[in-house]
1. Return the total of residues in segment 93-131 being over 28 Å from residue 28 (Cα atoms) and open to solvent by less than 50 Å² (accessible area, probe 1.4 Å).
2. Please enumerate the residues belonging to segment 43-80 that are of a type outside the set (Ser, Thr, Tyr), without any contact (Cβ under 8 Å) to a residue 24 or more places away in the chain and closer than 20 Å to residue 12 by Cβ.
3. Let me spell it out: the conditions are (1) part of a loop (DSSP other than H, G, I, E, B); (2) touching a residue at least 40 places away in the same chain (Cβ under 8 Å), and residue 112 meets all of them except one. Which number is the exception?
4. Report whether or not residue 98 is assigned to a loop (DSSP other than H, G, I, E, B), β-branched (Val, Ile, Thr) and in contact with a helix residue (DSSP H, G or I) (Cβ under 9 Å, 6 or more places away or on another chain).
5. Any idea which residue in segment 93-109 is nearest to residue 36 (Cα to Cα), counting only those that are in contact (Cβ under 8 Å) with a residue 60 or more places away in the chain and under 18 Å from the mean Cα position of the chain (by Cα)?
6. Go through segment 46-95 and count every residue that is touching an Asp or Glu at 6+ places or on another chain (Cβ under 8 Å), in a helix (DSSP H, G or I) and polar (S, T, N, Q).
7. Within segment 107-124, can one find any residue that is in contact with a strand residue (DSSP E or B) (Cβ under 8 Å, 6 or more places away or on another chain) and either of a type in the set (Val, Ile, Thr) or farther than 25 Å from residue 6 by Cβ (or both)?
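The values are calculated or read from the model by the stated rules, or taken from the named source; none is laboratory data. Note that the structure is predicted; figures quoted are calculated from it, not measured. Heads up, the Cβs are rebuilt from the backbone with ideal geometry, glycines too, and the neighbour counts pull from every protein chain shown. Remember, those area values only see protein heavy atoms, side chains included, never the ligands or the DNA or RNA. Shrake-Rupley method; radii C 1.70, N 1.55, O 1.52, S 1.80 Å.
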Amino acid sequence: MNECLFCNKENITTDMVYEDEIVMAFMDIDPINEGHVLVVPKSHYLDIDDMPDEELSHLMIIAKKITRAIKEIYNPDGYSIMQNGGNFNDIGHFHLHIFPRYQNDGFGWTYGNETKDVNSEIAKRIREKIL
C-alpha cells in the first residue's frame with residue numbers, strides 16, 4: 001500500500017473544492033488564512049519539474065479558477081500561490097498552496113540576511129539550461 005498521504009484520497013479529511021481525473025483541490029487542514037486551498041495532482045510527483053507538461057498545465061488552469069473564486073469570495077488585498085520542493089515538501093507529494101492575503105495578516109517570508117549574488121553570470125547559467 002502506498003504510504004503517501006495525498007496518493008490516497010481517503011486520507012483527505014477536509015472538504016473537496018474540485019476534482020477531476022487529473023487533480024483534486026481541497027481545503028488546507030491548517031490554513032494560513034480562511035479560504036486556503038491545496039491543489040494536488042492525483043499522480044504522485046515530488047517536484048514541479050517531475051510533472052508532465054500537460055498535467056502541470058491543467059493543474060495551473062484549475063489553480064487560476066480557484067484563485068478567481070477566492071478573490072470573488074474574500075475580496076482580499078492579494079493572494080499567495082506557493083509550492084515547496086525537494087526536502088522542503090513536507091508531504092512528499094507535489095501540492096500548490098493558494099490563499100487570500102490581507103495587509104497585516106502576519107504571513108511573511110523569512111530568510112537569512114547574508115548577501116547573495118545577483119549578476120549576469122548567474123542569469124546566463126540559468127538561461128543556458130532552459131534554452
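1. Narrowing segment 93-131 to residues over 28 Å from residue 28 (Cα atoms): 113-131.
Subsequent filtering for residues that are open to solvent by less than 50 Å² (accessible area, probe 1.4 Å) retains 123.
Qualifying residue count for the region: 1.
2. 69
3. (2)
4. no
5. 99
6. Counting residues in segment 46-95 that are touching an Asp or Glu at 6+ places or on another chain (Cβ under 8 Å), in a helix (DSSP H, G or I) and polar (S, T, N, Q) gives 0.
7. Taking segment 107-124 as the starting set, the residues that turn out to be in contact with a strand residue (DSSP E or B) (Cβ under 8 Å, 6 or more places away or on another chain) are 107.
So of that shortlist, the ones also either of a type in the set (Val, Ile, Thr) or farther than 25 Å from residue 6 by Cβ (or both) come out as none.
The answer is no, given that none of the residues of segment 107-124 is in contact with a strand residue (DSSP E or B) (Cβ under 8 Å, 6 or more places away or on another chain) and either of a type in the set (Val, Ile, Thr) or farther than 25 Å from residue 6 by Cβ (or both).
Okay, residues lined up against (1) open to solvent by 70 Å² or more (accessible area, probe 1.4 Å); (2) within 15 Å of the chain's Cα centre (by Cα); (3) at pLDDT 95 or above:
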position	(1), (2), (3)
34	yes, no, yes
45	no, yes, yes
61	yes, yes, yes
71	yes, no, yes
79	yes, yes, yes
88	yes, yes, no
91	no, yes, no
